[in-house]
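Following this message is one structure expressed as C-alpha cells.
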Amino acid sequence: MSEVFEPNREFSRQARIKNMCEYKELTHQVNDDYEGYWDKLAKEKIDWFEPYDKVLDESDAPFYKWFINGKLNVTHQCIGRHLKNRKNKAAIIWEGEDGSRRIITYLLLYYRVNRFANLLKNRFGIKKGDRVVLYMPMIPEAAFAMLACAKIGAIHSVVFGGFSAEALRDRIIDADAKLVITADGAYRRGTPYLLKPIVDTALESGCECCENVLVVKRNFEDIDMIEGRDHIYNDLIKNESQHCDPEPMDSEDPLFLLYTSGSTGKPKGVQHSSAGYILWAQYTMENVFDVKENDTFWCTADVGWITGHTYIVYGPLAMGATTIMYEGVPLYPDAGRWWNMIEELRVNQFYTAPTAIRLLHKVGADQPGKYDLSSLKVLGTVGEPINPDAWMWYYNEIGGGKCSIVDTWWQTETGGHMISPLPGATPIKPGSATFPLPGIKAEIIDEEGNPTPVGEKGLLCITKPWPSMIRTIWGDPQRFVKSYFGDCKKDGKPVYFSGDGAMYDEDGYITITGRTDDVINVSGHRLGTAEIENVVAHNDNVAEVAIVGKPDDIKGESLFAYVVTKTDIEADLLKKEINQLIVKDIGPIAKIDALLLVPGLPKTRSGKIMRRLLRTIAKSEDITQDISTLEDPSIIIKIEKLFKGE
C-alpha cells in the first residue's frame with residue numbers, strides 16, 4: 001500500500017517532536033556528537049545518586065558499558081522522585097477480568113514496594129545480586145515484586161505465566177534463583193485457574209538453589225503448601241515496615257534477566273543493566289507515545305514479556321504517568337471489553353499486538369462503534385509487523401481516523417523501541433516501521449556490510465551501541481557474542497545483528513520482512529524451533545522433525561511440523577500426542593497447528609536441514625531456491641506432492 005498518512009495537525013502542534021525537520025535535526029545532532037547526545041539525555045532524564053565519569057566505554061566491545069561509575073536506583077526513578085508532586089496521582093490502575101478495579105497512587109505504590117522489599121530482605125535474606133524468579137498473573141503484586149527486587153538490588157527474572165513447569169524449572173536453574181514468587185492462581189475467560197501447582201512440579205527436581213516460595217493469594221483457592229518452603233504473602237506483608245532505603249546501584253549493575261527463545265534448544269537469559277535501560281524506557285515513552293503529565297497509558301502485554309517490563313511497569317512509572325494493568329483476555333465477556341475499558345478509563349495511548357487487532361476485527365468488527373473512544377491520541381502495535389488491512393481497521397475504527405499508529409520495531413535484547421514513527425512528526429506508510437529513533441543507528445546491510453539497494457532485502461543491524469542494549473547472556477558470554485555479533489560486520493567491525501530481514505523503499509522507509517533465523521513469531525511471541533523440536537523428538541513415534549512458520553491471518557505465524565516417523569501412525573493422532581508433550585514441556589503457546597508426515601527432510605551433504613525450503617512449501621509458494629546442494633534433491637519433490645495432497 002503506497003498511501004501515506006500525515007500526522008494529525010492539532011496533535012503535532014503540542015507533540016514533543018513536531019515535524020520531520022525536528023526529527024532530522026535531532027538525528028544530525030546524534031551524528032555530530034554521539035556521546036554528547038546520550039550525555040545530555042542521561043543528565044536530563046535520570047536522578048543520579050552519584051554522577052558518572054564517562055558516557056561510553058567501548059574498550060571491551062561488544063561488552064559495552066554506559067555511564068561509567070554512575071549511581072542510581074531504578075525505583076527512585078520510577079517512584080521516589082515523584083512523591084513531591086505526584087504522590088496522590090494514580091500510578092497503576094488494575095482491572096480484573098471480573099470487573100474489579102484497584103487504583104494504586106504513587107504514594108501507595110511507594111509503601112507497597114517498600115514493604116515487599118523489606119519482606120524479601122528480612123524474611124528471605126535476599127540481597128543485592130541475588131536472583132528472584134517471578135511466575136505471576138497480571139496482578140499489581142507482579143509489579144510490586146519487580147520494583148521491590150530493584151529497590152534492594154536483587155535481579156528479577158519474570159517467567160510468563162503460560163509456560164509449563166519444565167520451562168519454569170529450566171529458567172530457575174539457569175538463573176540459580178533463591179526465591180520464586182507466584183500466586184495461587186488467577187482468572188482467564190471467566191474461569192479461575194491455578195499457578196502454584198505448576199511451581200510445585202517445577203521444583204520437584206534439580207532446583208536445589210530455590211530455598212523459598214512466596215505465594216500471593218489472588219483467588220484464595222485451596223493449594224498445597226510445603227512447610228518451611230512455602231509462605232503466604234498476604235499474611236507476611238502486614239508485618240513489614242513501609243520505609244526502605246533504596247540500594248545504590250552502579251549504572252551497569254543488572255536490573256533483570258528475561259529469557260527468550262533462541263535458535264538452539266536452550267533459552268537465552270537476556271541481561272539488562274540499570275541506567276541505560278531505564279533511560280531509554282522513559283525516553284521512548286515520551287517520544288514514541290508522546291505521553292504527557294495527565295495521560296493514561298495502556299499496554300495490553302503481559303509482564304512476562306519485555307513489552308510488559310518496559311511499557312507497563314518501568315517506562316510509564318519512570319516518567320510519572322498512569323499505567324493500566326488488565327488481568328484477562330480481550331474477548332471476555334465479549335469483543336467489546338477493551339473498548340469499554342478505554343471509554344471508562346479515558347485511555348490516551350493504547351498499545352497492543354497485531355494478533356489482537358486481527359482477532360478483534362474478525363470477531364467483533366461492529367463493537368468499537370458502541371463506545372466513546374475519543375480520548376485516544378496515539379495507537380501502537382508491537383511484536384510483529386502489522387498488515388495493511390488490520391492497520392486500516394485500527395486507524396479508522398479505533399482511532400477514528402485521527403490517531404497516529406506507531407508500528408514499533410524492537411526486541412527483548414534492545415530494551416525499548418528502535419524503529420518507529422513519531423506520532424506528531426512521521427508521515428506513516430501502513431506496514432512500515434518507518435525510521436530509526438534519534439540516537440539509534442539502524443542500517444540494512446548485506447553479509448559484507450554494504451548498504452542494500454532500494455527494494456532489496458538485507459540484514460537489519462544496529463551499527464552503534466545504545467544504552468538499553470543487552471549486556472550479555474546470563475552465564476554465557478561466548479553465546480552472547482556468537483548470537484548477536486557473529487554474523488554481520490560494518491567497516492570491518494562486528495555489529496549487532498537483529499536476526500530480522502528488512503528493506504528500504506524509495507523514500508528510505510524501513511519495512512521489516514521477518515526472521516532470517518530459526519525463530520518463529522507466533523502472536524508476537526518468539527519461539528525457537530530447536531526448543532520445540534527437542535520436545536517433539538521425545539515422542540517414540542518420531543524419527544526426525546523440522547518446525548517452520550506458516551502465515552496465519554490471526555497469529556501472524558503458526559507452527560507447521562514436518563515429521564518423519566519410526567512407525568505407522570495417523571497424522572491427527574501424532575499431532576495430538578505431540579501437542580500434549582509441547583504443552584507439558586513449554587506451554588500451549590507453542591502448540592503446532594499443522595503436521596505433515598514426510599519420508600525424509602531436505603538436508604545438505606553436511607546434514608543441515610534446509611528449513612527455508614520447508615518454509616516455502618508451507619507458504620504454498622513455488623520453490624525457486626537452489627536445491628543442488630541437497631543430499632537428495634528428490635525429497636523436496638516428494639514433500640511438495642504430499643503437501644498438495646497428490
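The values are calculated or read from the model by the stated rules, or taken from the named source; none is laboratory data. None of these values were measured; they are calculated from a predicted model. Cβ sites come from the backbone with ideal geometry, for glycine too, and all protein chains shown count toward neighbours.
If you check every pair at least six apart or on different chains, which have Cβ atoms under 6 Å apart with a residue in segment 179-199 that is assigned by TED's automatic domain parsing to the domain that holds Glu221 first and a residue that is among the polar types (S, T, N, Q) and surrounded by fewer than 24 Cβ atoms within 10 Å (Cβ to Cβ) second?
Leu179/Asn212; Asp184/Asn219; Gly185/Asn219; Pro192/Asn219
Counting residues that are outside the structural domain of Ile312 (by TED's automatic domain parsing), which strands (runs of 3 or more DSSP E) fully inside segment 220-295 reach at least 1?
By residue number, no strands (runs of 3 or more DSSP E) qualify.
Using the structure shown, decide if Val481 is under 16 Å from Gly508 (Cα atoms), surrounded by fewer than 24 Cβ atoms within 10 Å (Cβ to Cβ) and β-branched (Val, Ile, Thr).
Working: under 16 Å from Gly508 (Cα atoms): no; surrounded by fewer than 24 Cβ atoms within 10 Å (Cβ to Cβ): yes; β-branched (Val, Ile, Thr): yes.
No: the conditions fail for Val481.
If a residue has to be in contact with a Gly (Cβ under 9 Å, 6 or more places away or on another chain) and not in a helix (DSSP H, G or I) to count, how many in segment 304-324 make the cut?
Summing the residues that are in contact with a Gly (Cβ under 9 Å, 6 or more places away or on another chain) and not in a helix (DSSP H, G or I) in segment 304-324 gives 4.
Here's something else I'd like to know. Which of the strands (runs of 3 or more DSSP E) found entirely inside segment 532-646 contain at least 1 residues meeting this: on the phi > 0 side of the Ramachandran plot and outside the structural domain of Val159 (by TED's automatic domain parsing)?
The qualifying strands (runs of 3 or more DSSP E) are 556-565.
Assess whether Ala177 counts as being in contact with a Ser or Thr (Cβ under 9 Å, 6 or more places away or on another chain), in a loop (DSSP other than H, G, I, E, B), among the aliphatic types (A, V, I, L, M) and within 30 Å of Gln77 (Cβ to Cβ).
yes
Right, next: Taking only segment 1-31 into account, find how many residues are of a type outside the set (Val, Ile, Thr) and not in a loop (DSSP other than H, G, I, E, B).
Here is the first cut: in segment 1-31, the ones of a type outside the set (Val, Ile, Thr) are 1-3, 5-16, 18-26, 28-29, 31.
Still in the running and not in a loop (DSSP other than H, G, I, E, B): 5, 9-14, 20-26, 28-29, 31.
Residues meeting the conditions: 17.
When segment 352-387 is examined, which residues are found to be surrounded by fewer than 21 Cβ atoms within 10 Å (Cβ to Cβ) and either assigned by TED's automatic domain parsing to the domain that holds Asp302 or acidic (Asp, Glu) (or both)?
Of everything in segment 352-387, those that are surrounded by fewer than 21 Cβ atoms within 10 Å (Cβ to Cβ) and either assigned by TED's automatic domain parsing to the domain that holds Asp302 or acidic (Asp, Glu) (or both) turn out to be Asp366, Asp372.
Ok, one more. Are there any helices (runs of 4 or more DSSP H) wholly within segment 36-130 with 2 or more residues that are over 25 Å from Thr296 (Cα atoms) and among the hydrophobic types (A, V, I, L, M, F, W, C), and if so which?
In segment 36-130, the matching helices (runs of 4 or more DSSP H) lie at 106-124.
Applying the selection to segment 55-109, what residues are within 22 Å of Pro248 (Cβ to Cβ) and among the β-branched types (Val, Ile, Thr)?
Within segment 55-109, Val55, Ile68, Val74, Thr75, Ile79 meet the criteria.
Go through segment 407-518 and tell me which strands (runs of 3 or more DSSP E), entirely inside it, have 1 or more residues that are in contact with a helix residue (DSSP H, G or I) (Cβ under 8 Å, 6 or more places away or on another chain), without any contact (Cβ under 8 Å) to a residue 12 or more places away in the chain and not assigned by TED's automatic domain parsing to the domain that holds Gly556.
none
Would you check which residues across segment 484-509 are buried (at least 20 other Cβ atoms within 10 Å of the Cβ) and either under 17 Å from Tyr64 (Cβ atoms) or of a type in the set (A, V, I, L, M) (or both) and list them?
Passing the criteria: Tyr484, Cys488, Val495, Tyr496, Phe497, Ser498, Ala502.
Could you list, ordered by first residue, the pairs with Cβ atoms under 7 Å in which the first is in segment 609-622 and touching a residue at least 12 places away in the same chain (Cβ under 8 Å) and the second is surrounded by 18 or more Cβ atoms within 10 Å (Cβ to Cβ) and among the hydroxyl-bearing types (Ser, Thr, Tyr), at least 6 apart or interchain?
Leu614/Tyr562
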